[in-house]
1. For residues that are open to solvent by 10 Å² or more (accessible area, probe 1.4 Å) and either away from chain B (no Cβ under 11 Å) or free of Cβ contacts under 8 Å to residues at least 40 places away in the same chain (or both), tally how many sit in segment A:170-182.
2. Looking only at segment B:189-224, which residues are out of contact with any helix residue (DSSP H, G or I) (no Cβ under 6 Å at 6 or more places or on another chain), more than 9 Å from chain A (Cβ to nearest Cβ) and hydrophobic (A, V, I, L, M, F, W, C)?
3. Between A:T231, A:T263, which is farther than 21 Å from A:M201 by Cβ, modelled with pLDDT under 95, open to solvent by less than 20 Å² (accessible area, probe 1.4 Å) and β-branched (V, I, T)?
4. Report yes if A:P230 is more than 30 Å from B:T191 (Cβ to Cβ) and either within 18 Å of the chain's Cα centre (by Cα) or within 14 Å of chain B (Cβ to nearest Cβ) (or both), otherwise no.
5. Please give the helices (runs of 4 or more DSSP H) falling wholly within segment B:167-278 in which 3 or more residues are within 21 Å of A:L166 (Cα to Cα).
6. Within segment B:33-53, take every residue that is more than 18 Å from the chain's Cα centre (by Cα) and among the aliphatic types (A, V, I, L, M) and give me the one that is surrounded by the most Cβ atoms within 10 Å (Cβ to Cβ).
7. Return the total of residues in segment B:5-25 being touching a residue at least 24 places away in the same chain (Cβ under 8 Å) and closer than 19 Å to B:V124 by Cβ.
8. Determine which member of the set B:V198, B:V185, B:V162 is in contact (Cβ under 8 Å) with a residue 40 or more places away in the chain, in contact with a strand residue (DSSP E or B) (Cβ under 9 Å, 6 or more places away or on another chain), over 18 Å from B:T235 (Cβ atoms) and of a type outside the set (S, T, N, Q).
Number of protein chains: 2
Amino acid sequence: MASPGLCIIAGSGALPLQVAASARAQGRSVFIAALKGFARPEDFQDYDLEVFGIAQLGALTRAMKARAMTEACLIGGVVRPALADIKPDLALLKHLPSLASAFGKGDDGLLSGVVRILEAEGLVIRSVQDIAPEIVGTGRVAHGRRHPDEESRAAIDIGMRVLAALSPFDIGQAAVIVDGRPVAVEGAEGTDAMLARVVAMREQGRLPAGSGGVLVKAPKSGQDMRVDVPTIGPTTIRGANAAGLRGIAIPSGKVLIAQHDATIALADELGLFIEVLS
Amino acid sequence: MASPGLCIIAGSGALPLQVAASARAQGRSVFIAALKGFARPEDFQDYDLEVFGIAQLGALTRAMKARAMTEACLIGGVVRPALADIKPDLALLKHLPSLASAFGKGDDGLLSGVVRILEAEGLVIRSVQDIAPEIVGTGRVAHGRRHPDEESRAAIDIGMRVLAALSPFDIGQAAVIVDGRPVAVEGAEGTDAMLARVVAMREQGRLPAGSGGVLVKAPKSGQDMRVDVPTIGPTTIRGANAAGLRGIAIPSGKVLIAQHDATIALADELGLFIEVLS
């Protein structure tokens with residue numbers, strides 16, 4: 001029996017293409033549902049692709065049914081849309097009460113609400129870890145040549161405790177620890193903006209100039225790993241390097257490493273560690 | 001008996017002058033130890049004043065002894081100095097081991113270390129609340145005409161829980177809650193920079209445009225209230241307004257309201273509440 005087809009509901013960034021390539025390498029037929037304003041259709045020239053507005057769930061499920069597909073994977077960046085920018089189609093409209101309720105619960109609730117709606121339409125939503133486990137950082141393999149020294153290990157421990165403390169809240173799960181102290185905590189601004197802030201604080205003298213410190217990144221506890229999985233990639237490595245950090249720590253099996261080989265090579269080149277905590 | 005004299009070790013901002021005026025109104029003689037690079041000597045034209053480098057503790061204690069003063073109050077902003085910028089005098093040098101240890105513990109530890117050193121030199125360090133209780137926000141009086149509605153009260157509750165979760169860590173104690181979710185948490189960047197970030201996130205579409213949300217600000221649990229007391233003032237009000245927030249919440253007796261009357265008047269004018277939680 002042929003592997004079932006897979007619809008990749010693609011946001012921004014390099015991950016959707018990676019997941020598509022991984023699924024195709026497994027012998028699956030792949031259909032790209034490119035989210036308008038986020039995915040770049042030109043990245044997928046070799047693929048069956050249609051563009052959908054963020055709220056065109058009816059058109060999306062119809063397109064999947066036309067391809068006899070029932071499995072989908074949401075991957076890539078989507079900035080939370082303004083309510084006024086959402087143009088719901090009929091299929092979405094009937095779910096609007098549950099979506100409106102999801103909206104009140106923040107990004108996580110919103111995306112989980114979308115997953116529930118797609119499931120109610122008869123689809124099976126798979127996590128990236130299911131489809132392409134090789135791009136999830138795990139403790140089973142080394143990710144790069146560098147490793148944290150004792151000082152960095154102590155900073156990682158503090159950072160993980162900060163993230164654990166914030167875990168009950170719907171908030172970006174990353175922090176920067178410098179000199180044993182959390183100097184930046186990610187909110188809705190995203191990891192890149194948080195790292196840029198560390199650069200600015202070094203320049204302003206709010207932090208010691210020079211290098212030292214770590215970035216820790218982890219999902220919230222209980223996070224639905226089918227939506228909004230935390231990700232690091234070359235931009236994260238460059239940002240951490242600019243911020244004078246020694247490296248990045250992530251828990252095993254819970255954070256995607258986008259462009260895995262390029263990311264690891266860049267970390268090695270810049271002298272940063274990527275530590276996967278088991 | 002005349003009231004004992006008071007040395008105000010003055011950093012930046014409007015608070016040192018307020019505290020000086022308050023102490024003088026109580027009949028105390030006041031000596032301003034203006035910290036070089038932070039306090040503006042021209043703000044204190046009417047006062048006995050000398051300028052000291054951040055690490056000239058020996059010169060400072062001599063100047064106080066020459067005035068027969070034993071009480072001092074640290075007030076105003078001081079950006080954590082780079083180690084290389086500190087030019088310790090002899091009195092500081094003998095305390096250098098304890099100061100170096102304090103440095104490793106972050107801002108809070110650093111300032112507490114300075115307090116301990118001044119105490120070891122025979123000084124009594126008083127909190128702003130002792131000297132000028134009228135500039136600390138308390139639940140005993142209303143601070144402005146606006147009050148939070150039910151939605152804002154729920155946001156305040158979430159915000160206070162976020163700050164409580166972060167309280168064990170040496171980190172700025174402020175957060176912004178929008179739509180029931182913490183969208184910004186203060187690290188070493190300061191409250192004003194965090195509020196500017198909320199403005200930027202609204203513009204970028206990471207947060208709903210328009211208004212809604214609250215700023216909560218509180219000291220860490222166990223914070224030495226003689227150093228680094230959290231403060232709000234007109235800049236905070238303007239920043240919260242620009243960020244589209246409905247108001248600010250602080251716990252009673254633990255946050256200074258700089259330029260109290262001007263701050264309250266500005267909040268009233270812009271339609272923001274200042275809620276003091278008992």
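1. Result for segment A:170-182: 5.
2. Hit for segment B:189-224 is B:A196, nothing else.
3. A:T263 is the lone residue from the list that is farther than 21 Å from A:M201 by Cβ, modelled with pLDDT under 95, open to solvent by less than 20 Å² (accessible area, probe 1.4 Å) and β-branched (V, I, T).
4. No; evaluated as a whole, the condition is false for this residue.
5. Filter on segment B:167-278 gives B:191-204.
6. For segment B:33-53, the residue satisfying everything is B:L49.
7. 11
8. B:V162
The values are calculated or read from the model by the stated rules, or taken from the named source; none is laboratory data. Here the structure is a predicted model, which means the values were calculated and not measured. Cβ sites come from the backbone with ideal geometry, for glycine too, and all protein chains shown count toward neighbours. Note: areas computed on protein heavy atoms with side chains; ligands, DNA, RNA excluded. Shrake-Rupley method; radii C 1.70, N 1.55, O 1.52, S 1.80 Å.
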